[in-house]
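The values are calculated or read from the model by the stated rules, or taken from the named source; none is laboratory data. Worth saying up front: this structure is predicted, and the values here are computed from it rather than measured. Ideal geometry is used to build each Cβ from the backbone, glycine not excepted, and the neighbour counts take in all protein chains shown.
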Amino acid sequence: MHKISQMKRIAFITSIVLTLGLLVSMCGTSKTGGGGFNLFTIDQDRQLGAQVAAEIDGNQAEYPLLDSASNKEVYAYLYKIRNSILNSGNVKHKDDFQWRIRVIKDDSTLNAFCTPGGYIYVYTGILKFLDNEAQLAGVLGHEIGHADLRHSTRQMTKIYGIDALVGILAGDRELLRQVTTGIVGLKFSRDHETEADEASVRYLCPTPYTADGGAGFFKKIQEMGGSRTPEFLSTHPSPDGRIEHFENSKIEQGCQGTNSYAAEYKAMLAKLP
């Protein structure tokens, strides 16, 4: 009886400690970044990102990845842009996350996304839609911004709670698939989108790129009358508002870069299958 009572006391105390730890974590977590607490730690962002990336990489039917070995020049080009962003001095978690890039061969999808922990995916559809390197740098900066500001795990805290991470790390494949699908098609809040746009300008500001390169994507959408507006943009701030915000952010931050590198971009597109 004494042993059982002692075990119960230990279990009770453990639960109290865990609860207090959770509350401390919540109280110590920044409320910036589009609102809401983030119950995930940096290390958990990395763990979750690695799990999601493995799920995507292993599902060639749904995510047909462009082979990096046989498309070295394309990947080298993308990593060069990524390095310019990371070396801007403005990426908070530059050394914490992977920032690995993979290209998904799907010309019909205008999308790019970044998992927690910095696994970046870009569809060939958006690569072929854009006109120049500065526009792509703006898009990559935006996606890196989502991961750097940890928007995905903020959203997941709100939608799933910490139970999702615990389940995934315990080997729950069905939950992992659900979370992966959720991250790929995740609709960020308007605040999160605005913050990621601002981050894109901030990352590009010290580079030779025109820092509002990300506005180019929305200008092209606008020129086409919104006929190809991706579904993931349906609840976001309007293209008009985002273009203006990119341009104003560039002015406010005093960014001097003017290069778009259209010829280099065209040469890279010619190497895509």
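Structure values in brief
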| item | result |
| --- | --- |
| Residue that is modelled with the lowest pLDDT [pool: residues in region 186-206 that are more than 11 Å from the chain's Cα centre (by Cα) and outside any helix (DSSP H, G or I)] | Lys187 |
| Enumeration of residues in region 242-256 that are under 24 Å from the mean Cα position of the chain (by Cα) and either among the hydrophobic types (A, V, I, L, M, F, W, C) or surrounded by 14 or more Cβ atoms within 10 Å (Cβ to Cβ) (or both) | Arg242, Ile243, Glu244, His245, Phe246, Glu247, Ser249, Lys250, Gln253, Cys255 |
| Residues satisfying the stated conditions in region 138-163, i.e. touching a Lys or Arg at 6+ places or on another chain (Cβ under 9 Å) and within 22 Å of Asn259 (Cβ to Cβ) | Leu140, Gly141, Ile144, Gly145 |
| Pick from region 161-207, criterion acidic (Asp, Glu) and free of Cβ contacts under 8 Å to residues at least 24 places away in the same chain, ranking: surrounded by the fewest Cβ atoms within 10 Å (Cβ to Cβ) | Glu174 |
| In region 155-169, the residues that are among the aromatic types (Phe, Trp, Tyr) and part of a helix (DSSP H, G or I) | none |
| Candidates Lys220, Lys271, filtered to the one that is at pLDDT 90 or above and either crowded, with 19+ Cβ neighbours inside 10 Å or not in a loop (DSSP other than H, G, I, E, B) (or both) | Lys220 |
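Conditions (1) of a type in the set (D, E, K, R); (2) at pLDDT 95 or above; (3) more than 26 Å from Val74 (Cα to Cα), marked per residue:
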position	(1), (2), (3)
Asp107	yes, yes, no
Pro116	no, yes, no
Tyr123	no, yes, no
Gln135	no, yes, no
Gln155	no, no, yes
Val166	no, no, yes
Leu169	no, no, yes
Gly213	no, yes, no
